[in-house]
Amino acid sequence: MPLSDTCEQSYLYVINYSKEERALCHLEMKSLFDQEPTKKYLYSHRNIDPSRSPFFKLRISVLSTASSFEELVHIVSEKKITCDNFKFARFKIEDGKLDYATWLYSVTELGKVIQAEVDMKNPTIQFGITIVDDVWIFGIYEKNESPWVQHNLKPFTNSNSLETRAARAIVNIAVGQQVQASLVDPCCGIGTVVLEALSLAIHVTGYELSWIIANQAKQNVSYFGYDPCIVHETMHRITEQYDVAILDLPYGLFSHVTHTQQKAIIASSRRITKKLVIITCVDMDEDITSAGFTIVDRCTVTKRAFVRYVRVCR
């Protein structure tokens, strides 16, 4: 049985990712839950917003579990669940054994013991039911609202920036459960990472050397109603200390950045933070460790034929 017998609230998180995103998803789940999923779902007692990760499909706040459907109906009936109105949400899960006919019968029978009216259009609450590892699970259903999608409509874009989904996952990898941590993006570009941090209510500051790009980043941030947090300044002049930094290392595809300059940027990162998530377009492990960091985790991010190397460093 994957759930503990304690009274502590348990959650079932259903996740999804493409083949190219698997490593990034697993690293993010490890940062959020201190565990890597073995399938496309996981259990946890940690209460994490189902819209926080780009890889969450939905969350079930578990109310009851049972080894059989008959037992589940009895348990739910004993709980005397009341609400204004409700409906059952239909969803799929990897290795799920709840076919449509069985699901329809199950929600019909469970609906009879919930003390509320059914409202298929505007329910005040949605319930979910599934079978996982031969255990019947019933609880409150919450889907991922995908708030990051709107950030794809920002006024200024850059074809070489991180994709929005990847940026959001990397923010989660950087801060994990420490959402009160201070975050810095010392080479923030048009603010892709900064926007995701802001939408997660994380205290973040972005620095950008180019006046033009810094101005574009400020407009992107303001467009979504956030207070300005972009500073037009070289990262080498940063004097503040931050809990964690996310560095999408500039490379020489469209800008004149030498290897020497890249190493200097990494060295400056070591000066302003003790934890760094760095994204590079080539393997720079030796340069990272030479700057005094220890690489504690890693993965790659693929954007079409372009591969980025993600390293978590301390």
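Would you be able to say whether some residue in region 67-83 is among the charged types (D, E, K, R), touching a residue at least 40 places away in the same chain (Cβ under 8 Å) and touching a helix residue (DSSP H, G or I) at 6+ places or on another chain (Cβ under 8 Å)? No - not one qualifying residue is present in region 67-83. Considered as a group, the residues in region 150-203 that are without any contact (Cβ under 8 Å) to a residue 24 or more places away in the chain and assigned to a loop (DSSP other than H, G, I, E, B) include one that is surrounded by the fewest Cβ atoms within 10 Å (Cβ to Cβ), and that residue is SER159.
Listed here are the residues, each with its yes/no results for (1) assigned by TED's automatic domain parsing to the domain that holds ILE202; (2) of a type in the set (Lys, Arg); (3) closer than 24 Å to ASN158 by Cα.
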residue: ASP248; (1), (2), (3): yes, no, yes
residue: THR260; (1), (2), (3): yes, no, no
residue: ARG270; (1), (2), (3): yes, yes, no
residue: THR294; (1), (2), (3): yes, no, no
residue: TYR309; (1), (2), (3): yes, no, yes
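Taking the conditions exactly as written (of a type in the set (Val, Ile, Thr), touching a helix residue (DSSP H, G or I) at 6+ places or on another chain (Cβ under 8 Å) and in the same structural domain as ILE129 (by TED's automatic domain parsing)), does ILE60 satisfy them or not? It is false that ILE60 is of a type in the set (Val, Ile, Thr), touching a helix residue (DSSP H, G or I) at 6+ places or on another chain (Cβ under 8 Å) and in the same structural domain as ILE129 (by TED's automatic domain parsing).
Residue check: SER210 meets all listed conditions (1) crowded, with 20+ Cβ neighbours inside 10 Å; (2) more than 22 Å from ASP243 (Cα to Cα); (3) among the small types (Gly, Ala, Ser); (4) not assigned by TED's automatic domain parsing to the domain that holds THR38 but one, namely (1). Of all the listed residues (SER222, SER255), the sole one being farther than 21 Å from ASN172 by Cα, at pLDDT 95 or above and more than 22 Å from the chain's Cα centre (by Cα) is SER222. Filtered by the rule that a residue be assigned to a loop (DSSP other than H, G, I, E, B), touching a residue at least 40 places away in the same chain (Cβ under 8 Å) and either in contact with a Pro (Cβ under 6 Å, 6 or more places away or on another chain) or surrounded by fewer than 17 Cβ atoms within 10 Å (Cβ to Cβ) (or both), region 44-60 gives HIS45, ARG46, SER51. Restricting the search to region 117-149, which residues are free of Cβ contacts under 8 Å to residues at least 40 places away in the same chain, buried (at least 16 other Cβ atoms within 10 Å of the Cβ) and more than 22 Å from ALA66 (Cα to Cα)? PRO123 - this is the single residue of region 117-149 that is free of Cβ contacts under 8 Å to residues at least 40 places away in the same chain, buried (at least 16 other Cβ atoms within 10 Å of the Cβ) and more than 22 Å from ALA66 (Cα to Cα). Taken together, SER77, SER61, SER18 contain a single residue that is closer than 16 Å to GLU142 by Cβ and polar (S, T, N, Q), which is SER61. On the stretch given as region 66-82, residues that are outside any helix (DSSP H, G or I) and surrounded by 15 or more Cβ atoms within 10 Å (Cβ to Cβ) total 2.
The values are calculated or read from the model by the stated rules, or taken from the named source; none is laboratory data. This is a predicted model, so every value here is computed, not measured. Here the Cβ is made from the backbone with ideal geometry for all residues, glycine too, and neighbour counts use every protein chain on show.
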